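Novice: Structure in structure tokens, see below.
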Amino acid sequence: GERNAMVSPQSSAQPPRSTPKGGLRAVVIGGGVAGLAACSAIAPHVASITLIEQEPMPTEPMIRRHTPQAPHVHALLDSGRQALELLMPGLGAALQNAGSLPLRVRSQWRSHDGHEWCAPEDTGPVVLSQSRPLLEHVLRCRVLTLPHLLVQTARVRGLMLAAGDATRAPRLIGVSLNDSDGQRRQLDADIVVDASGRAGDSLKWFEAAGLELPPEMTRHPDIRYTSAFFARPAQTRANPPCAWLRPARAPATQGLVMAPIEGDRWVVTLIGRFGASMPRDEDGFRQRALAIAGPELADSLASARMLSQLRGFAIKSVRFRRFDRKASALPLGYFPIGDTIATFNPLYGQGMSVAALQAVALQQTLSDHTAPAVQQTSYLTAAHRPADWAWKIGGAVDRAYAQMRQQEDADCDHFAERLRLAFSASVLRPELRGQIDRVLHLLDAPEKLDALCTEPV
């Protein structure tokens, strides 16, 4: 229940207390959202889980050193919310008890069309708004109650493989690592879930092991963030808070997100693209925010007390590794997830939700009692599907910028045209907006827009 979800994490020195059916040993590399979701996904199917993280697991919500994006706006799309609830029933209630706010898209998660703030309307999807540290904390507290999980503070240095042959890929038998005191050692495993993230060393491990690297697509959206936390009036049922999203839309290179989070706070994130200058002090931050937000938010911004220092973050490029196209060459037992597979333009809030959907795919794959090679291929196909959806959506919107550098992608171009037609049709047919939002929230495949665009207006 929710009470158990908020207990303090167990000590990393505590051994597994019991084992479920089966004898598989699993290692999960990375203790972020993807790694925590993966632990929950594989828990019913393995005898032991070792969760490897480079820094000790915090016992309270805090910004971790290896998540520099944590101080900025983080929203969980409706697909991610539903996926995490499937993996950890009751998680949504636990998050809301801890201060997360469920906001209905367009009615409470307000958007700007480049000319004005759109009139509120409820199209169906719900976004969970909270700080990244709170989300990770609630996930940690749920996952670290697993009786057969051990947390190890260490850094993975490579993959351990048993030799294959001309007809079979090598089998993964564990990982090598440096533990917290710098000692090199080996950890046996039958399954390795690679949630090492955006800055992980996955490809270095592949190269060192002589493995073929997956094909990779890249883009250069060139995003800069500057964020701060502000005090906001306590919410009431009669006057609940809204989030306000004014993304940088081509050709504009500046935008703003102002989202309510736990602790009666706003997190305000200013967005700059393609070399746009960013404010360096509170006065400059407030002036920029007021200029972008307009009079609708002037009172809220002008009167709010800043509670934190300004923090910056930049992402120049994003990439999509197609492990699914090299499934037969991957070592048996290797399961990439989250940012290890793909990173996205953070403006569209897709990364955490894609990782949650991939964790559900992992759970469903392991539930099918098929041969390991079949399970791995099935998982990679399923895990790359939401990543491909998110990749298409981000590319379709970003391609409007003349400064955008990206590889040719006919599928993305096709989706961009379908998205444009769908938005145009929704002006006269408001009922289409909910269907568009389902695609943007990764609840429906992008192909769903094809039917919308071929129906008569």
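The values are calculated or read from the model by the stated rules, or taken from the named source; none is laboratory data. Model, not experiment: these values are computed from the prediction. Virtual Cβ from ideal backbone geometry, glycine too; neighbours counted across all protein chains shown. SASA here: full protein model, heavy atoms, side chains in, ligands and nucleic acids out. Shrake-Rupley method; radii C 1.70, N 1.55, O 1.52, S 1.80 Å.
Novice: Need one word for the stretch 313-361: rounded, prolate or oblate. Basis is the Cα gyration tensor (sqrt eigenvalues a ≥ b ≥ c); a/c below 1.5 gives rounded, then a/b vs b/c decides.
Specialist: oblate
Novice: If you don't mind, there's one more thing I want to ask. Filter the DSSP H helices in the chain by two things, a Kyte-Doolittle mean of at least -0.5 and an axial alpha-carbon span of 15 angstrom or more, and list the hits by number.
Specialist: Helices passing the filter in the chain: 132-143, 282-293, 351-367, 372-398, 410-428.
Novice: Ignoring any ligand, DNA or RNA, what whole percent of the accessible area of the chain comes from carbon and sulfur when the probe is 1.4 angstrom?
Specialist: Carbon and sulfur together cover 50 percent of it.
Novice: Can I ask one more? Counting only protein chains, not ligands or nucleic acids, how are ARG433, ARG184, ARG104 ordered by accessible area (probe 1.4 Å), most first?
Specialist: If we order ARG433, ARG184, ARG104 from most to least accessible, we get ARG184, ARG104, ARG433.
Novice: Let me ask something else about it. For the stretch 74-127, with every protein chain kept in place, what is the accessible area per residue (1.4 Å probe, Å²)?
Specialist: Heavy-atom accessible area per residue stands at 40 Å².
Novice: Let me ask another. Of LEU307, LEU51, which has the most accessible area with a 1.4 Å probe, and how do the rest follow in descending order?
Specialist: Solvent-accessible surface, decreasing: LEU307, LEU51.
Novice: Want the number for SER303 to ASP444: 0.36 nm per residue separation, take away the alpha-carbon distance, what's left?
Specialist: Full extension from SER303 to ASP444 adds 46.7 nm.
Novice: Then there's this: To the nearest 0.05, what FRET efficiency results for ARG429 and ASP179 with a Förster distance of 60 Å applied to their C-beta separation?
Specialist: According to the calculation, E is roughly 0.50.
Novice: Quick one: order MET306, MET88 from most to least accessible surface, probe 1.4 Å.
Specialist: These residues rank, largest area first, as MET306, MET88.
Novice: Additional query: Please work out the C-alpha center-to-center distance from the stretch 354-425 to the stretch 54-126 and express it in whole Å.
Specialist: 20 Å
Novice: Also: ARG246 accessible area, nearest 10 Å², 1.4 Å probe?
Specialist: Solvent-accessible area, nearest 10 Å²: 70 Å².
Novice: Could you tell me which of GLN69, LEU95, SER129 has its Cα farthest along the dipole of the stretch 44-177 towards the positive end, charges placed at Cβ (Lys, Arg +1; Asp, Glu -1), taken about the Cα centre?
Specialist: Going by the charge dipole, the pick is GLN69.
Novice: Also, quick follow-up: Taking R0 as 25 Å, what's the FRET efficiency between ALA402 and SER111 from their Cβ-Cβ distance, rounded to 0.05?
Specialist: Calculated value: 0.60.
Novice: Exceeding 23 Å between C-alpha atoms, which entries from my cross-link table qualify? They are LYS316/LYS392; LYS316/LYS448; LYS392/LYS448.
Specialist: LYS316/LYS448
Novice: For the chain, which span is the longest to avoid every loop-located (per DSSP) member of GluC sites (Glu not before Pro) having at most 15 other Cβ atoms inside 10 Å?
Specialist: Excluding the exposed sites themselves, the longest stretch runs over 213-407.
Novice: Here's a follow-up. Send over a whole-number figure in Å² for the accessible area per residue of the stretch 205-311, probe 1.4 Å.
Specialist: Roughly 48 Å² per residue, with all protein chains present.
Novice: With +1 on each Lys and Arg Cβ and -1 on each Asp and Glu Cβ, and nothing else charged, work out how big the dipole of the stretch 95-239 is about its Cα centre, in Debye to the nearest 20.
Specialist: For this selection, approximately 480 debye.
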